[in-house]
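Some notes on the structure that comes next.
The values are calculated or read from the model by the stated rules, or taken from the named source; none is laboratory data. Quick caveat, the model's predicted, so the values are computed rather than measured. Positions of Cβ are generated from backbone atoms using ideal geometry, with glycine treated the same way; all protein chains shown enter the neighbour counts. Remember, those area values only see protein heavy atoms, side chains included, never the ligands or the DNA or RNA. Shrake-Rupley method; radii C 1.70, N 1.55, O 1.52, S 1.80 Å.
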Amino acid sequence: MTAQAATTHAAPADAAPEATAPPPPRRAAAPPPLSRRLARRFATPLSFVFAWAVLLGLWELGAAAGWFSDRILPPPSQTIPFLLAGEATVGFGTQRTGLMEAISVTLVRISVGLVLGLVAAIGVAFLILQVKLLRALVLPIVQSIAPISPVAWVPFAIAIVGIGDPAAIFVVFMAIFGSMCCAAVAAFDSVPQEYRKVARSLGAGTAEMWRTVLLPAAAPSLMTMVRMSFFAAWMAVLAGEMAGINSGLGYLIIMGQQMYNMKLVMVGIIAIGVVGFALDRLLLVAQRRIVWWEDAQ
Amino acid sequence: MNVRLTAPGEAPAMPATRTIATPNAAVEFGRVTKTFGDVTAIEDVSLRVPAGEFTVLIGPSGCGKSTLLSLAAGLEAPTEGFVTAHGREVTGPSRDTALIFQQHNLFPWMTTEANVAYGLRSRGMARREALARARELLAMVGLSDFSKKPPTALSGGMRQRVALVRAFATEPTLLLMDEPFGALDHQTRKIMQAYLLSTWRDSGATVVMVTHDLDEALMLADRLVLFTGQPGRIAETLDIAAPRPRSRDDPGLREIGARLERHLAAAAEAAEFTEAERARLASR
Ligand SMILES: Nc1ncnc2c1ncn2[C@@H]1O[C@H](COP(=O)(O)OP(=O)(O)OP(=O)(O)O)[C@@H](O)[C@H]1O
Ligand SMILES: [Mg+2]
């Protein structure tokens with residue numbers, strides 16, 4: 001093994017002596033060749049489509065061959081027409097709601113909860129950083145709230161604000177506020193001391209320091225935190241909708257279970273996957289835009 | 001016949017024994033002690049930094065040089081004693097004081113010109129005006145092409161140049177530099193030293209610089225302040241009157257250099273320059 005490694009290493013070293021070795025990569029170096037850029041651009045979507053095609057093909061095959069019940073795991077050939085026919089609905093008469101409505105209801109809850117949570121987390125983190133006493137008084141409480149499962153807040157939420165959007169938003173908020181606030185405090189704490197010293201010596205006051213130094217310096221961590229929180233919010237809202245908030249995507253899935261309509265459950269799962277994935281990509285794009293000076297992954 | 005010029009206990013007497021050309025002290029430390037918890041960073045340090053002079057602080061690691069700069073910058077308050085700048089007690093960061101560190105600390109989320117304009121904006125200059133002034137200053141150091149680029153697109157030497165320009169943009173009367181060129185290669189460092197010297201001479205500012213590079217200290221300083229640690233105390237101060245540009249081969253400078261080296265190597269408690277040697281060096 002060692003000998004093999006040594007010989008394989010020796011060959012390229014001979015082929016490319018040091019004098020012709022490429023210069024060390026620099027950030028501002030010329031872009032890589034077009035072929036490599038294209039490969040990188042399409043590698044992920046292509047392999048993505050391919051992986052799913054294989055899985056769905058096997059699934060179809062398995063259902064046709066009778067390896068598993070198509071009543072429990074309805075294959076794509078049943079689920080897709082069901083979805084396209086617009087039959088993925090719950091309720092009857094005026095109560096009847098479709099998939100799109102369920103998705104939009106759930107999305108609004110997530111967005112509102114996420115924005116409120118983010119604003120509150122940064123606001124509280126700001127106070128904790130500005131006022132020493134609050135670090136001692138508030139941070140321990142925030143830290144103890146963070147690990148509580150969001151579903152645990154559902155009874156509370158329903159008791160306080162009733163079934164529906166406010167309860168769902170409350171659950172999302174509770175799911176992410178604690179961890180976001182802790183992460184924000186950590187992000188602001190770890191802004192290099194020298195940045196603050198430089199800004200202060202250049203004449204920045206408190207407000208300007210926050211706007212031009214602390215927020216931008218913490219922005220990469222904050223954006224990563226938002227993306228993580230988005231997943232937490234997504235999980236929380238679905239759990240909440242399953243646990244008593246009777247509308248939205250989570251409710252659609254629970255109704256599918258109760259009506260023993262696995263196609264409905266499957267459509268709900270697909271919607272969760274597709275929408276969740278799309279939104280995470282969107283957040284990633286936003287992250288790259290907002291913290292353009294960092295390499296986001 | 002070694003004479004201890006400044007015994008730690010009699011530190012306040014030190015300024016009185018010197019004749020200072022410029023009567024105005026840009027910065028003065030009066031019997032300053034600074035402790036962090038149970039660590040005494042500096043103890044009973046008295047030092048006058050004459051206005052317009054280039055003062056270099058050297059001493060072993062951890063002897064409180066950076067602490068001294070933070071005190072002068074108003075970022076820390078002394079535990080005992082006083083710190084004044086231009087005759088007024090330092091109570092917080094001053095607009096007339098600029099700080100430069102070993103790391104350039106340019107803000108990566110701003111373009112190079114916005115970095116340079118930062119201090120001007122903080123002083124209430126309009127955005128467009130500040131950016132135009134920043135471009136002007138960048139042009140003076142040959143960085144016009146980089147004004148719209150982020151600092152990450154610059155080389156290490158360019159970044160440090162921008163950091164200097166940013167510090168000078170607000171026309172500070174006091175420039176505090178903490179190992180500013182420590183991270184640069186030899187050649188770039190020499191260029192930066194020349195740039196600093198010319199900028200300093202044009203500006204008339206007072207410079208207090210910390211360095212671990214003896215050669216740099218000898219090439220730049222009007223005045224050297226040697227520290228011992230720990231806690232940090234002034235072992236000795238000496239003037240270098242050799243005109244600039246200085247040669248590294250100047251026998252006088254080489255002699256001081258050799259002695260400094262010994263001082264640092266041993267982190268000696270006491271100074272080893274005799275009165276006669278001091279007089280000779282100062283008159284050079
Ligand atoms: N903010 C701080 N909190 C606690 N201790 C500190 C702080 N700043 C400095 N010290 C301590 O004070 C002493 C002097 O530190 P300082 O950074 O001033 O030394 P220095 O002379 O600049 O060293 P170096 O040459 O390595 O940069 C050290 O023992 C250091 O640990
Ligand atoms: Mg230091």
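List of remarks:
- Checked against the criterion of being over 30 Å from B:Pro151 (Cα atoms), hydrophobic (A, V, I, L, M, F, W, C) and open to solvent by less than 30 Å² (accessible area, probe 1.4 Å), the candidates A:Phe230, A:Phe277 yield just one match: A:Phe230.
- Residues in segment A:40-63 that are over 22 Å from A:Phe277 (Cα atoms) and either open to solvent by 90 Å² or more (accessible area, probe 1.4 Å) or not aliphatic (A, V, I, L, M) (or both): A:Leu58, A:Glu60, A:Leu61, A:Gly62.
- For segment A:95-155, the helices (runs of 4 or more DSSP H) that sit wholly inside it and include 2 or more residues that are under 23 Å from A:Trp234 (Cα atoms) are A:99-130, A:139-145.
Condition check ((1) open to solvent by 30 Å² or more (accessible area, probe 1.4 Å); (2) more than 10 Å from chain A (Cβ to nearest Cβ); (3) within 16 Å of ligand 2 (Cβ to nearest atom); (4) not hydroxyl-bearing (Ser, Thr, Tyr)) across all residues:
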{"site": "B:Leu68", "(1), (2), (3), (4)": "no, yes, yes, yes"}
{"site": "B:Ala73", "(1), (2), (3), (4)": "no, no, yes, yes"}
{"site": "B:Glu89", "(1), (2), (3), (4)": "yes, yes, no, yes"}
{"site": "B:Leu99", "(1), (2), (3), (4)": "no, no, yes, yes"}
{"site": "B:Ala130", "(1), (2), (3), (4)": "no, yes, no, yes"}
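- Candidates A:Ile245, A:Ile253 - the one that is surrounded by 21 or more Cβ atoms within 10 Å (Cβ to Cβ), assigned to a loop (DSSP other than H, G, I, E, B) and at pLDDT below 90: A:Ile245
- Single residue of segment B:31-65 satisfying the filter (more than 10 Å from ligand 1 (Cβ to nearest atom) and of a type in the set (Lys, Arg)) that is farthest from B:Ala217 (Cα to Cα): B:Arg31
- B:Pro93 in contact with a Leu (Cβ under 7 Å, 6 or more places away or on another chain), away from chain A (no Cβ under 14 Å) and open to solvent by 20 Å² or more (accessible area, probe 1.4 Å): no
- Unmet requirement for A:Ala217, which otherwise passes all of (1) part of a helix (DSSP H, G or I); (2) free of Cβ contacts under 8 Å to residues at least 24 places away in the same chain; (3) closer than 30 Å to B:Ala169 by Cβ: (2)
- Looking only at residues of segment A:280-295 that are open to solvent by 50 Å² or more (accessible area, probe 1.4 Å) and either touching a residue at least 24 places away in the same chain (Cβ under 8 Å) or within 15 Å of the chain's Cα centre (by Cα) (or both), we find that the one that is nearest to A:Pro216 (Cα to Cα) is A:Ile290.
- Matching residues in segment B:53-66 - criterion: being more than 16 Å from ligand 2 (Cβ to nearest atom) and assigned to a loop (DSSP other than H, G, I, E, B): B:Glu53
- Criterion (near ligand 1 (Cβ under 10 Å from one of its atoms) and aliphatic (A, V, I, L, M)) met by exactly one of B:Leu120, B:Leu68, B:Leu106, B:Leu99: B:Leu68
- All conditions in (1) at pLDDT below 90; (2) buried (at least 20 other Cβ atoms within 10 Å of the Cβ); (3) away from every other protein chain (no Cβ under 14 Å) hold for B:His104, with the sole exception of (3).
- A:Ile176 being surrounded by 21 or more Cβ atoms within 10 Å (Cβ to Cβ), more than 14 Å from chain B (Cβ to nearest Cβ) and not in a loop (DSSP other than H, G, I, E, B): yes
- The single residue among A:Thr212, A:Thr224 that is open to solvent by less than 50 Å² (accessible area, probe 1.4 Å), assigned to a helix (DSSP H, G or I) and among the hydroxyl-bearing types (Ser, Thr, Tyr) turns out to be A:Thr212.
Every residue, every condition in (1) within 16 Å of ligand 2 (Cβ to nearest atom); (2) out of contact with any Pro (no Cβ under 9 Å at 6 or more places or on another chain), yes or no:
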| residue | (1), (2) |
| --- | --- |
| B:Thr173 | no, yes |
| B:Leu176 | yes, yes |
| B:Lys190 | no, yes |
| B:Ala194 | no, no |
| B:Ser198 | no, yes |
| B:Leu220 | no, yes |
| B:Leu226 | yes, yes |
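- Restricting segment B:184-209 to residues that are of a type in the set (Val, Ile, Thr), away from every other protein chain (no Cβ under 14 Å) and within 11 Å of the chain's Cα centre (by Cα) leaves a set whose member that is farthest from ligand 1 (Cβ to nearest atom) is B:Thr206.
- Those residues of segment B:75-87 which are open to solvent by less than 40 Å² (accessible area, probe 1.4 Å), under 22 Å from B:Thr228 (Cβ atoms) and either within 14 Å of ligand 1 (Cβ to nearest atom) or within 14 Å of another protein chain (Cβ to nearest Cβ) (or both), in sequence order: B:Pro78
- Residues that are part of a loop (DSSP other than H, G, I, E, B) and either open to solvent by less than 30 Å² (accessible area, probe 1.4 Å) or among the polar types (S, T, N, Q) (or both), drawn from segment B:191-221: B:Ala205, B:Thr211, B:Ala221
- Per-region count, segment B:132-154, residues open to solvent by 40 Å² or more (accessible area, probe 1.4 Å), at negative phi, modelled with pLDDT under 95 and of a type in the set (Gly, Ala, Ser): 2
- Complete set of residues in segment B:158-180 that are part of a helix (DSSP H, G or I), away from chain A (no Cβ under 11 Å) and open to solvent by less than 10 Å² (accessible area, probe 1.4 Å): B:Gln160, B:Val162, B:Leu164, B:Val165
- Listed by first and then second residue, the pairs linking a residue in segment A:103-114 that is within 17 Å of A:Val90 (Cβ to Cβ) to a residue that is among the polar types (S, T, N, Q) and modelled with pLDDT under 95, with Cβ atoms under 9 Å apart and 6 or more places separating them unless they lie on different chains, are A:Val105/A:Thr97; A:Val105/A:Ser247; A:Thr106/A:Ser247.
- Looking only at segment B:198-210, residues that are more than 14 Å from B:Pro172 (Cα to Cα) and either out of contact with any Lys or Arg (no Cβ under 9 Å at 6 or more places or on another chain) or without any contact (Cβ under 8 Å) to a residue 60 or more places away in the chain (or both) come to 2 in all.
- Checking each residue in segment B:107-123 for being of a type in the set (S, T, N, Q) and within 8 Å of another protein chain (Cβ to nearest Cβ) picks out only B:Ser122.
- Residue in segment B:134-151 that is under 21 Å from B:Val207 (Cβ atoms) and within 11 Å of chain A (Cβ to nearest Cβ) present: no
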